[in-house]
Structure formats: C-alpha cells, structure tokens
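Worksheet for the structure shown next.
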Amino acid sequence: MSNQIIADIFDLLAKLMEIHGENSFKVKTYSIAAFRLEKIADQVALMTPEQMSTIPNIGAAVVQKIQEILETGGLAVLQEYLEKTPPGVVEMLSIKGIGPKKIALLWKELGAESIGELEYACNENRLVALKGFGAKTQESILKSIAFIRSNQGFCLWSEAETFATQIWKKLRTVYPDNQTDYTGDYRRQMPTMSSIDFITDLSIEQLKAQLGRIPEVSFTEEATQLSVHIPNAPLVLFQLCNAEEFLLHQFYSSASPAFLEAFDNKFKVPEIIRDEAEIFTQNKLQYIPPYLRETTSILEKAATQELPMLIQPGDIKGIIHNHSTYSDGIHTLEQMANATRDKGYEYLVISDHSKTASYAGGLQVEKVMAQHEEIEKLNQKMAPFKIFKSIESDILGDGSLDYEPEVLATFDLVVASVHSNLKMTEEKAMQRLLTAIQNQYTTILGHPTGRLLLSREGYPVDYKLLIDACVAHNVVIEINAHPRRLDLDWSWLSYAMEQGAMVSIDPDAHSMDGIDLVKYGVLASQKGGLTKERNLSSMGLAEFERFLAERKK
DNA sequence: GCCGTTTTCGGCCCGACTGTTTTCAGTCG
C-alpha cells in the first residue's frame, strides 16, 4: 500500500472529525500525520512500528492506526465517522473555498445533506443568513459547484492510460486474430476525457468473457456499443463494428467534428483501406496522426506537405523545474540528480520553492546558499552530468519576485510562478504576470494559468497578451507536464509558435518518479504541434548552457 | 494526539488573504 493511500485516509479522518467538531488539536495531529506520510521517501508499509514512530508527528496512536490500515485495508474509526455523515456532506469537501468548519454549519444549521441541496439553498439566498457566510461566499460556492458538475465523470489522460493499456494488452493477447484498438479522446491524447474508447470487431460475448472477470464490473449494452463500468475507474466504451469497417470507424471516431467535416468536404475515404495511413496518402495528404486531427488548418498543411516533425518523448534532454528535500520534494538533491542521470538525461535543473512559499518549505536565503554549495560539490562528482541552480520564485501580489536582485542573480535560471491568491480578476492576474515577465531575472514563466485539470479552473488570463509579452521579454513559457496541469494548454501552442515563443516541457517533479511525467507534457505538446527546436528542455547540455549565457547578457 | 521537556502536562500552530466581521475564523497553497 502506498504512502499516499494511507495519507489520504488520515486526511479524510481529520476532515470528518473536524466536521463533527472534535478536538482541534487532535484533528490537526491526523492532518499533520497525513502531510508527513506524503512527504517521506520510504514506504511506510515496509517499516516496523519502531521505524514509523521515528517520523516526526507520528506517535503511538497513529502508528497503531497505520498498522490497522495495513492489516485490514481500512480504519474502523474512519468507518464510524463515515457512517454518521451523509455521503453528500463528505462530497462537499470537494467544493473549493469551504472547508470542514463551514460544511459543518451548512449541514447542521441549514440541513444541507448533499451538493444538490446546498446548491438549492444558495439559489434561495439562504446562506447569507448563516454566521460567517455572506453573498460572496454563496456566489463562490455556486461557481465551484458548477465547475464540479461540468467535470463530473471525466478523468485525466494519465488515469485513463493505466486502464486502457491493461485492457488493450489483455484483449490483444486473448484474441490475437481480432482487431481491437484505442479510439476517441484517448487516442487523440486529450488531457481529459469522459470515457476510454475502444474500437473492436469482437462480439459483446467475447468482450464480456474477458472483462467480466474484473471484480464488481457491470455492463450496459446497446446495438453497436458496450459500456463497461468498473468501480473507481473511468467509464470504458467499446464501439463494435465488423472487421472490414474497422479502420473506417476508427478514423471517424478519433478526430474532432470540425476536422471530420472539413475532411469530408474536400476528401474521400478510399473504398479499400489496408491501413489508416492510406486514407491520407490516397488523398495526397501527409499522414496526420490522431492527436493532430483537431483543426481544419492541419488539413491544409498536410495537403502542402508542411507538417513538421513533432516532438517525441526521446527529444527531452534535460529535466527542468524540480523539487528536492530542500523544499517540498521527497527525495534529496543527490537522489534527484542520480535518478535524472540514470534515466539518460544530460542535466537537472533544481527549482525548489522560494521563501514566500512557507507551506512548501520555501528556501530562506541561507538555505539557497547551502544548496548552491551542495550543487557545486555534486557537479564536480557527477560531471559531465550537470545540475543547474534554479528557484521556483513566487510571483507576489504585486508581480515582484520574492528575493532581492543580488540573490536572484546567483541562480543560473529562475522559474517564476503564481502560487498564492489565485482568486483574481483577469486584470489583476495579467498585471502580476506581466510584471513578473518583465523582471530581468525571470527565465521561465511556470504553469501560466495555475489550473488543475478537473479540480481548479486557474486564474483568468489574456493568452495572446501573455504569450506576446513572453516573446518580447525573451521569457520561456512553461508547459508544466504534470498530467493535472498541462499548463500552458496545448491549444495555445500554435499561436505561441507563430509568435516565435520558446516553451519548456517541465515535469515539476517532487520525487524521482516525478521525472517521468515529462512524457505527459510531450503528448499534450504534440497536439499543439510543438517541434523540439522550440522546446528548451530539448536542448543538449552545451546548447542549454549557451542559451543561459546568452540570456544572462 | 504529539512533543518536549521545566518528567507529567501545557502548548502546540506557516502565513497571507478573504470575507466576514467590527477583530478574526476559515481556507488555501
């Protein structure tokens, strides 16, 4: 069992206890325990009770509960709290802007036992009468509920990947003479999707024979479609067709409606197709991979053979924007460096949090200097592999970075990101961002909109203005590769490239495993038509050093 | 519930901000 799963249990326990008005220090203890468990590198499941109790804030009671979780898979006391809390009240924890205390009031004072009831109460203007609530809170709750609604049933590409590949492998192994393949949003590499779609010439019976073995699975059948419902997993949809029409159906189910309409207006699917590429070659078009079948303009480019060679996972040469135990990472600087080198990359850019990010262990100036010393020592030991001195500097309320210029000057490069006060008008957001972009020490603008896919909208930005400003001030725009961020969004890449912008696919890794997230950034960037020439992290070590030297002038 | 001792219990707690208050509780990253 992973530390994260155990941590989530303690986190939920703390929140439920708070809703039920338990002793706040007791609540805090479980909450801190959850935080600690998330932040340690070693697997708690493999520790002895004595080892567990050496973790700060993990005492006898928490150790006992961890053991119970490991032995039984659950926690009796959590179950008790869950039983005396309506499921809808637990769900309210996902509403941004309200926490356990306010939820308790909404439940006890207002009698709201579900998100639906809460929404109704907001619309009836009944929250303003509650102590601690007002018109603005009511408004923000309604907005948050609308956001949750619009994302319900969606999953991230990375979440879909696990299920999709398992199912694909299984069916291809058991039925090697049949055709089964990805289609729909998953094949198009959409960052989020409402279902994992397959196209197959298998029968419903054949599919059920295999997928029926999944515990607690259920099915919904239609004439040419089988929906597979797996508990705690994305919806899986099988589109059924006969073998002869497989490629045709796959083509028509893995592109945007706009793309297909434009295609049908000008081109024809050949009578006989042996592989999907023929659909394009027979029309004198360059092959357009599924992830690019979004806009109509891509067809024009394919007609004039102008599609460039797009970035591939292997084109990432350096790992930029990472965290270590100096701030909120779970592995040490040396572990991160070794992992990066062992995975075949040429350099690591360590960008721990800056001093304002106290919640994330942001670095005071003395710690920055200590880290720089360690980097220099490691660089001597690890050459030709190189670690670059960087920082993820918070963009403060007024747009300034949170160190003195003398300190900022000691970094090889600076990633500037907004982490606090995310609730802003577009005007305010742009003012902060533009000020940060104009700062001579800003090398990369980190996760430009602050969005978290399916869980947080991010502050509103004027994309064109933002991109233009980055180009004008020679600031690299990050494509944060975390599958929940993928920020800048792929849909703005073509504009960014037209304007001559440079981007950087960065994993924002908080652990050694986190380095592998670059893959998701590459997949999303492919949709935007990114070439490796325009990606900073595709530069080899020498080129990267030249870039930084040039930038410093 | 955990910690750190001033060994038997008192004090814990990041800091900014927001929306609510009319001095601060709740939330967030």
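The values are calculated or read from the model by the stated rules, or taken from the named source; none is laboratory data. Because the structure is a prediction, the values reported are computed rather than measured. Here the Cβ positions follow ideal geometry from the backbone for every residue, glycine too, while neighbour counts run over all protein chains shown. Ligands, DNA and RNA are stripped out before the accessible areas are found, and what is left, the full protein with its side chains, is counted by its heavy atoms. Shrake-Rupley method; radii C 1.70, N 1.55, O 1.52, S 1.80 Å.
Name every residue in the stretch A:177-228 that is aliphatic (A, V, I, L, M), assigned to a loop (DSSP other than H, G, I, E, B) and under 31 Å from the mean Cα position of the chain (by Cα), in order of residue number.
Our first condition is that a residue be aliphatic (A, V, I, L, M); within the stretch A:177-228, this holds for A:190, A:193, A:196, A:199, A:202, A:204, A:207, A:209, A:211, A:214, A:217, A:223, A:226, A:228.
Next, from what is left, pick out any that are assigned to a loop (DSSP other than H, G, I, E, B): A:190, A:202, A:214, A:217, A:223.
Hits for the stretch A:177-228 are A:Met190, A:Ile214, A:Val217.
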Requested in this report: Take the stretch A:424-454 and flag every residue that is open to solvent by less than 30 Å² (accessible area, probe 1.4 Å) and within 28 Å of A:Glu366 (Cα to Cα).
Outcome: A:Arg432, A:Leu433, A:Ala436, A:Ile437, A:Thr442, A:Thr443, A:Ile444, A:Leu445, A:Gly446, A:His447
Query raised in the report: Which of the residues that make up the stretch A:94-126 are open to solvent by 40 Å² or more (accessible area, probe 1.4 Å) and within 15 Å of A:Ala146 (Cα to Cα)?
Result: A:Ser94, A:Lys96, A:Gly97, A:Glu117, A:Glu119, A:Tyr120, A:Asn123
Query raised in the report: What number of residues within the stretch A:73-112 satisfy the criterion of being hydrophobic (A, V, I, L, M, F, W, C), touching a residue at least 40 places away in the same chain (Cβ under 8 Å), part of a helix (DSSP H, G or I) and away from DNA strand B (no atom under 12 Å from the Cβ)?
Result: 4
Query raised in the report: Within the set of pairs 6 or more residues apart or between chains, which connect a residue that is not assigned by TED's automatic domain parsing to the domain that holds A:Lys343 inside the stretch A:385-409 to a residue that is open to solvent by less than 10 Å² (accessible area, probe 1.4 Å) and away from DNA strand B (no atom under 16 Å from the Cβ) with Cβ atoms less than 9 Å apart?
Result: none
Query raised in the report: Taking the stretch A:113-134 on its own, how many of its residues are within 32 Å of the chain's Cα centre (by Cα) and in a helix (DSSP H, G or I)?
Result: 7
Report summary line: Counting only residues that are outside any loop (DSSP other than H, G, I, E, B) and either more than 21 Å from the chain's Cα centre (by Cα) or exposed (fewer than 15 other Cβ atoms within 10 Å of the Cβ) (or both), the stretch A:396-423 contains a total of 7
Requested in this report: Specify which of the listed residues (A:Leu454, A:Leu445, A:Leu422) is closer than 30 Å to A:Cys155 by Cβ, within 16 Å of DNA strand B (Cβ to nearest atom) and at pLDDT 95 or above.
Outcome: A:Leu445
Report task. Go through the stretch A:458-517 and give me each residue that's open to solvent by 10 Å² or more (accessible area, probe 1.4 Å), in a loop (DSSP other than H, G, I, E, B) and either assigned by TED's automatic domain parsing to the domain that holds A:Phe147 or farther than 23 Å from A:Trp157 by Cα (or both). Result -> A:Pro460, A:Val461, A:Asp462, A:His473, A:Asn474, A:Gln499, A:Gly500, A:Met502
